[in-house]
Amino acid sequence: MAFSTSVHLPNSPYRYHIDPGIRKYTLRDTTFSQNKTGNYELQRLLEEVPNSGQGFLVKIAVKEDLSAFRLTITDATGLHKVDIFQDKISPIYREKFFFLMDSLVDRKVFSKEEV
């Protein structure tokens with residue numbers, strides 16, 4: 001998936017944008033790590049049962065110059081994209097995803113708008 005200034009996941013009620021107030025130190029404070037190419041990455045496992053190791057993986061990557069980002073949700077292996085906004089998937093995953101994203105919105109990493 002290519003970097004973009006805004007991302008809308010399929011069936012999600014929100015679109016996320018890079019916040020103009022984003023800072024590199026804020027990314028480090030929110031547990032993003034810098035990879036070899038200089039981009040900032042965050043991977044978080046959304047688990048229905050805490051510490052089970054089973055769930056869906058949220059992957060966020062922000063370009064080094066803070067101009068664009070990628071956001072994907074995959075299975076635990078990281079190989080297959082998953083739509084957690086389907087009715088057949090437990091709402092707990094959506095709650096945990098929104099909690100993560102809202103914390104990043106509060107820290108001015110992202111901004112969100114309703115679709």
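The values are calculated or read from the model by the stated rules, or taken from the named source; none is laboratory data. On a predicted model such as this, the values are computed, not experimentally measured, just so you know. Ideal geometry is used to build each Cβ from the backbone, glycine not excepted, and the neighbour counts take in all protein chains shown.
Here's a check for you: in the stretch 83-99, which residue that is under 11 Å from the mean Cα position of the chain (by Cα) and surrounded by fewer than 16 Cβ atoms within 10 Å (Cβ to Cβ) is nearest to PRO50 (Cα to Cα)? Selected residue: PHE99. Of the residues LEU42, LEU27, LEU66, the single one that is in contact with a helix residue (DSSP H, G or I) (Cβ under 9 Å, 6 or more places away or on another chain), over 15 Å from ARG94 (Cα atoms), aliphatic (A, V, I, L, M) and not in a strand (DSSP E or B) is LEU66.
The residues of the stretch 31-40 that are surrounded by fewer than 16 Cβ atoms within 10 Å (Cβ to Cβ) and in contact with a strand residue (DSSP E or B) (Cβ under 9 Å, 6 or more places away or on another chain), listed by number, are THR31, SER33, GLN34, ASN35. Among the residues of the stretch 73-115, the ones that are out of contact with any helix residue (DSSP H, G or I) (no Cβ under 6 Å at 6 or more places or on another chain), of a type outside the set (Val, Ile, Thr) and not in a helix (DSSP H, G or I) come to 16 in all.
Candidates are the residues of the stretch 15-29 that are surrounded by 14 or more Cβ atoms within 10 Å (Cβ to Cβ) and over 12 Å from the mean Cα position of the chain (by Cα); the one that is farthest from PHE99 (Cα to Cα) is LYS24.
Conditions tested, residue by residue: (1) modelled with pLDDT of 95 or more; (2) closer than 16 Å to SER4 by Cβ; (3) of a type outside the set (Ser, Thr, Tyr).
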site	(1), (2), (3)
LEU57	yes, no, yes
LYS63	yes, yes, yes
LEU66	yes, yes, yes
ILE84	yes, no, yes
ILE89	no, no, yes
ARG94	yes, no, yes
ASP102	yes, no, yes
VAL105	yes, no, yes
VAL115	no, yes, yes
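Taking residues in the stretch 9-34 that are of a type outside the set (S, T, N, Q) and at pLDDT 95 or above, and partners anywhere that are surrounded by 16 or more Cβ atoms within 10 Å (Cβ to Cβ) and part of a helix (DSSP H, G or I), the pairs with Cβ atoms closer than 7 Å and at least 6 places apart or on different chains are TYR16/MET101.
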